[in-house]
Every structure is written in structure tokens, then in C-alpha cells.
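The values are calculated or read from the model by the stated rules, or taken from the named source; none is laboratory data. Please read all numbers here as calculations on a predicted model, not as lab measurements. Cβ placement follows ideal geometry from the backbone for every residue including glycine, while neighbour counts extend to all protein chains displayed.
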């Protein structure tokens, strides 16, 4: 048996580091495999589209490699609203086929991920004198319920008086009524959900490397030669692959143009911003409003905090960032829509999320000045059979299984023979869950009112047994490595060995949601973050910690 990555001596968390099978070693092995092994398909981009591509095609018996120039799911797939929804707002644009498909995808995800995706009620407040009456919204909710195959509770109409009685924090002065209906959400962060597809692909033999950028793509003698470059080294890595999937999200068209490839579809960018603030309501629901410009506006649960937003601003260049105008728009609207004891200000912002929605358009829509909100949220898979090259345009978390299945079909069009092994998506079995919970019950510990074993299962699936085993061997490892935060030493050791952590923020922001629900200036003050860096990075911990601290400085 290999020794633990970290052992404690004398006082808890005074750590003596033993670097065995840590993320750095595994990453070095992965990079070596990139240059040595025969690859069927290289997936570029490890957001939700790339992640499902890797999982779906690995399951089909193909040799898959997936790379991302940043961390896994560090772009748009870490900046969503955390919602799994059928897109009720698309009914207004008469995109009925899209809503039908998304509702079916939502239902499949709820069934396939019963702990990682949960049904949640939505309360849509309808303003007086709005472009659509509250009665029409109510009828639309019934259509939406039917499109959802009647899988949830039917919608309910709520008068403004009922809203005022049940949700006193809502400003009802300008509300004609409200509609309650059901969709779903991810209780953990979106990047965590996306990353589990990468882990699944790796478990089936895929190669996965983060912080690995594409320098060049060359189609030569019936195969692709790709030059990659790691952030940690100037030495390029030459990869040979039979096919390439460009799943680089907002960068999909830019990467194609760089390499002389064209497509009948194009991408426009919409910037979405969310702000994380203190918990506004104890109600576990999504409250939906219309901002003063007519766009949908959400009050969402995020851990023990609230998430407010989002913006939907057309932009032409990447990357994007949160600016004062975005903050003003969100804070002005939330203060107008709610009755708060004290209005929210910039000082109340705990963290910020910003990402880009890649919106699919045709050539004749590139300069279209019509309603920005009417652009389709569909995805499109472009297959170039002569070059064995596939591009994935747009896409949503809700649609991710459809994207994976579409890529299986696309690889078939390229002539790849595939042998399906098992369902490439879904949680581990109920039997495995029951067995784990029975093993964990003897420890009888709770975290913030939630049974800790259920939290571990939701985050790690069967791998939660590895964490449980560490705790049984050494009960000290069930202590929180950062005392103020529910994240145990045993989990940190697991992350070091299994979750391909390169930078501290990879864990704090994407594998967990620690830096989303805790202000950066507060985290910097917590000694436990240094301890965490020691567990993750060994002798390099101080440089990694100082880099994170510098990048975490308030703007």
C-alpha cells in the first residue's frame, strides 16, 4: 500500500508531505502519454461540451485525449446559473422544438443524476403592464409542463397577496401575480458537474491534461499533427491523432479560423454576470423576475449564499470581465425587486462570476440588429469528413447528453468503429450508494446540518469510499482543513491524488465552491488555506499559495 500523501504529527495539520501519486506526478505521466500513445481523437477544450465528448467516446472504445489551455471547465462552464432547465423563456420566441428537446434532456439528467441534479421550484413574478399578462404566463407554464412530459408538479398561479404573505422579501408593488413551476439545478457548482465527465473518461483510459494550449494543427497524410504547449514548460508536445474535436466553447470559431477552417455557422458572444451575496431568503427556490430592460433576472440559492443576476450583454471580444456597469445593473434591479432591510451595495459582493454564452448564428445574422434576446440557444455539430475534424458550436448544460450522443454519431460518420461498453453518463448505482452509506453510518458525523456522508457521495460517487477509508484509518482526517469551511483533510488528500489540481484556485473555485461562497479577502486571512496548499503541492506549496494570493487581490 502506498503511504498517505500527507501524515499528521503531534498537532493536527502540522503536515509532513510525502509526494506519492500526487497531481503533478500524474500530470507528468499524462503528458508523456500524449506524445507516446496512438490517439483516435483529440478533444480541444474541456468545458461541458469537451467533457461529454471525452466520456462518450471513451465509452465507445476510442482512445481519447482531452486538453484545455486553462483548467478543466475554467471558462463559461464555471460561470453558469447552475440551472438545468428546459428554457421556458424560449417559448416566447416560438422555439417549441428546442424547448421540447431541452425538457426531455432535463428529465433525463434528473433521472441519471438524482443527487447531483435536483428538482427545484421557480417563482416567476409578472409585472403589471408587462409585454405579456400574468394569465398568459400561467398558460405558458402549462404548455411548459406538458413539454416536460408532466414529470413535475403542475404549475400554480399565485396572486400578489399570496406572494406578499409567503415571501415578504419580495416587493409586490408592481406585481400583477406570479407563476410557480418546476425545473432543476446543480446544488454544487457547474464546473464540478462538468469535471466528473472528465474523470469518467480518464477511468476508461482517456488522457486528460489541463493548462495545455494548442500551438498548431496540421492535417498531413490522413492524420492530424498537433503541437501542444504546457503552461509549466516551454517544451512543445507533438501529438498525432486520427481526428480532432474542437470543443473550445466561445473560441471554437477563432481556433478554426487560425487553422484555415470554415463553417456554415458562426458564433456571437453574450456576457453573463452573476454576483454572490449573503443569503437573502431561507426559501429553497429560484425567484425569477424581469429586470428593468425586460430580461429575466434570478435570485438563486448557491450553497449557504444567494446568487443574483444575470446580465445578457452583447460583446465582440474575449476575454470578458465584470465592470461597474454590470454591478450597478444587478444591484439596482435586485434592490428594486426586493424589500431588504438594507439595500445591497458593492461591499456586499462576496464573489463574482462572469462568462460568455456562445450563440449560434448563420452568415446572414452576423450583422443582424434585431432583438438580441431572440437569438437561438441551440447547439450545432459541424463535421468535416475529409479532414476528420468536428466543431461543436454553442450548447448548454441541459443539452449535454444530446451533445455527447451527437458526437458519437459524428465519429461514426468519420468511419470510426465503436463498441459501446456501458452507459457513459449517470451516477454510480443505488446499490453502491447504499453500501457506502452503511459503511459511513458508524462515524455519525454531520456537517452544517447535512449528513456528511451524503455530501461525500454527491461529490465523489464511489470514490467517496477512498475518503471514508482514510478517515477510518486516521479519524483526525475528518477534521476540516480550513476550520471555517466544510472540507476535510481526507478530501484534500483525495484531491491531490485524483483531481488533477495544478493551481490552488482549481480546487477552491472549480472542484469545490469555496471561493464562490467565501470572500477572497476572508480566505486569504484563513490559515487553513496555507495548510491546504501544503497538502496539494508539497514543496511547491508556498509559490502556489503566493500566486493564488496575488491573483485573489481585490480589484
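Annotations
- Any helices (runs of 4 or more DSSP H) falling wholly within the range 437-555 and containing at least 2 residues that are touching a helix residue (DSSP H, G or I) at 6+ places or on another chain (Cβ under 8 Å) and farther than 19 Å from residue 352 by Cβ: 452-460, 464-473, 489-498, 527-537, 541-551
- Counting only residues that are surrounded by 11 or more Cβ atoms within 10 Å (Cβ to Cβ), over 26 Å from the mean Cα position of the chain (by Cα) and in contact (Cβ under 8 Å) with a residue 24 or more places away in the chain, the range 335-370 holds 8 of them.
- Yes/no for residue 204 being within 23 Å of the chain's Cα centre (by Cα), more than 24 Å from residue 78 (Cα to Cα) and touching a residue at least 40 places away in the same chain (Cβ under 8 Å): yes
- Residue in the range 401-410 that is assigned to a loop (DSSP other than H, G, I, E, B) and either touching a helix residue (DSSP H, G or I) at 6+ places or on another chain (Cβ under 8 Å) or more than 24 Å from residue 185 (Cα to Cα) (or both) present: no
- No other residue among 105, 73, 81 is more than 25 Å from residue 175 (Cβ to Cβ), touching a helix residue (DSSP H, G or I) at 6+ places or on another chain (Cβ under 9 Å) and part of a loop (DSSP other than H, G, I, E, B) apart from 73.
- Qualifying residues in the range 42-70 (those that are out of contact with any helix residue (DSSP H, G or I) (no Cβ under 7 Å at 6 or more places or on another chain) and assigned to a helix (DSSP H, G or I)) - the one farthest from residue 246 (Cα to Cα): 59
- For the range 199-225, taking the residues that are outside any strand (DSSP E or B) and out of contact with any strand residue (DSSP E or B) (no Cβ under 7 Å at 6 or more places or on another chain), the one that is surrounded by the fewest Cβ atoms within 10 Å (Cβ to Cβ) is identified as 221.
- Residue in the range 419-431 that is buried (at least 21 other Cβ atoms within 10 Å of the Cβ), touching a residue at least 60 places away in the same chain (Cβ under 8 Å) and not assigned by TED's automatic domain parsing to the domain that holds residue 458 present: yes
- Across the range 108-119, the number of residues qualifying as out of contact with any helix residue (DSSP H, G or I) (no Cβ under 9 Å at 6 or more places or on another chain) and assigned to a loop (DSSP other than H, G, I, E, B) comes to 0.
- Matching entry among 53, 65, 32 (being surrounded by fewer than 24 Cβ atoms within 10 Å (Cβ to Cβ) and at pLDDT 90 or above): 32
- When we screen 122, 147, 130 for residues that are touching a helix residue (DSSP H, G or I) at 6+ places or on another chain (Cβ under 9 Å), surrounded by fewer than 19 Cβ atoms within 10 Å (Cβ to Cβ) and either free of Cβ contacts under 8 Å to residues at least 24 places away in the same chain or within 23 Å of residue 289 (Cα to Cα) (or both), the only hit is 130.
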